[in-house]
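Accompanying notes for the structure given below.
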Amino acid sequence: MKNLTKENVTDKVLGTFPADTNPREREILTSLIKHLHLFVRDVSLTTGEWLTAMDGLYRAGEISNPVRNEFILISDLLGVSSLVDLINDNAPIATETSPLGPFFVKDAPLLEPGGDMIEENSGTQGVVRGHVLTPEGKPIPGALLEIWQTAENGLYENVDPDQPKSNLRRRMKTGPEGNYAFTTIQPVSYQVPDDGPGWELLGMMGRNPWRPAHLHFKISAEGFRPLVTELFVEDDPYIDEDVVFGVRNSLAVSFATNSSQQDADQFNLKAPFWQVEFDFKLQSA
Ligand SMILES: [Fe+2]
């Protein structure tokens, strides 16, 4: 291409789209190219800085695998995942959403409502229970909950060779009243992984690497939009500094202490234990 200049390169690139480009793909790529060029001009990016960025992306690919996606982590750390999530949110008629994060694994073992997810894990024991409902409050029986959290050491099982496979990951179908319940250990605050380019980015920005304690949920039912969300421990010290910007007001909940042994007996727990009661609302598809 002759007569290319720094002034006309953006228009030259945008002019290469054939007429039959998919309209949505054209819209997305046109905007992406414009913004990337604007960014390069804005900071007068040097060749060395561009190379640093390309090297970071290369290493993000190198460290990623089917159960660990460094690109999702980088998107999370830059607030991009959260922005996408907020733009597509179901609230106020359904439960607020929160990003999926990089640690979801599908096809976890099935657990009956009321079942135990604690197994051999150490930690403070408690129960999470509630319902999956329509926005009008009608129960959704047979909804599939996918639940995952870290162990007491702050690591998910897929990045910790010392944990058994599928530890603290379960799927559960709601009962006839749309009810679900499971016992587990109280989630803990944790730092994002420190061995990849995501961590280096945090260092450049001088940011804290912590996520407040949370449980992840992905909930699906026929005829409803899938819900990806998290429940946070409301008094966690990092509740207002989540490094991936996932906290929403309605998702910060009380992990209240219950001292009744009679209540604990229902779940084979020892009092005192903590309990969370939360009803999820799904939006119609
Ligand atoms: Fe998490």
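Would you calculate the volume per residue, in Å³, of the smallest convex hull containing every Cα atom of the chain? Before the final figure, lay out each step's value.
On the way: hull volume 46.3 nm³, N = 285.
Here the figure is 163 Å³ per residue.
Connecting C-alpha atoms closer than 10 Å in a GNM of the chain, tell me which of I219, I93, I28 has the biggest fluctuation.
Maximum among the listed residues: I28.
Straight-line reach from K281: which lysines fall under 19 Å, measuring Cα to Cα and dropping same-chain residues less than 8 apart?
K138, K173, K218
How big is the range 1-77 by the Kirkwood estimate over distinct Cα pairs, in Å? Write down the numbers at each step before the final one.
Numbers: mean 1/r = 0.0664 Å⁻¹.
Result for the range 1-77, one decimal place: 15.1 Å.
With only alpha-carbon pairs counted, each pair once and no self-pairs, how large is the Kirkwood hydrodynamic radius of the range 162-285 in angstroms?
17.0 Å
Would you mind computing Rg(Cα) / (2.2 N^0.38 Å) for the range 27-154, counting N as its residues? Working shown, then result.
Details: Rg = 20.6 Å, N = 128, 2.2 N^0.38 = 13.9 Å.
The range 27-154 yields a ratio of 1.48.
With +1 on each Lys and Arg Cβ and -1 on each Asp and Glu Cβ, and nothing else charged, work out how big the dipole of the chain is about its Cα centre, in Debye to the nearest 20.
On the way: 24 positive and 41 negative charges, 193 e Å.
That gives the chain a dipole magnitude of about 920 debye.
Given the Cα-Cα distance of K270 and V43 and 0.36 nm per residue of separation, how much length would full extension add, in nm? Intermediate results must be reported in sequence, preceding the final value.
Working: separation 227, 0.36 × 227 = 81.72 nm, distance 5.89 nm.
Going from the current span to full extension adds 75.8 nm.
Average the reciprocal distances over every distinct pair of alpha-carbons in the range 237-285, invert the result, and give the Kirkwood radius in Å. Write down the numbers at each step before the final one.
Working: mean 1/r = 0.0738 Å⁻¹.
This gives a value of 13.5 Å.
If packing is taken as the average number of other Cβ atoms within 10 Å across a peptide's residues, how do 262-272, 124-134 rank, most packed first?
On the way: 262-272: 14.1, 124-134: 20.7.
My ranking of the peptides, most packed first, is 124-134, 262-272.
So what's the projected area for the range 1-45, the Cα convex hull averaged over all directions, in nm²?
Details: hull surface 13.9 nm².
The Cα convex hull of the range 1-45, projected and averaged over all directions, gives 3.5 nm².
What lysines could a cross-link reach from K6, if we take a straight Cα to Cα line under 23 Å and drop same-chain neighbours fewer than 8 places away?
Reachable lysines: K34.
Gap in Å between the Cα centre of the range 68-100 and the Cα centre of the range 214-285?
About 17 Å separates the Cα centre of the range 214-285 from the one of the range 68-100.
Step through the residues of the range 132-144 one at a time and calculate ³J(HN,Hα) from phi using the Karplus curve (6.51 cos²θ - 1.76 cosθ + 1.60, θ = phi - 60°), rounding each to whole Hz and writing x for Gly and Pro.
Using θ = phi - 60°, the values come out as 10, 10, 6, x, 7, x, 7, x, 10, x, x, 5, 9 Hz.
Computed from the coordinates by the stated procedures, all read-outs in this text should not be read as laboratory data. Bear in mind the structure is a predicted one, so any value in this text is a computation, not a measurement. Note that we place each Cβ from the backbone using ideal geometry, even for glycine, and neighbour counts take in every protein chain shown.
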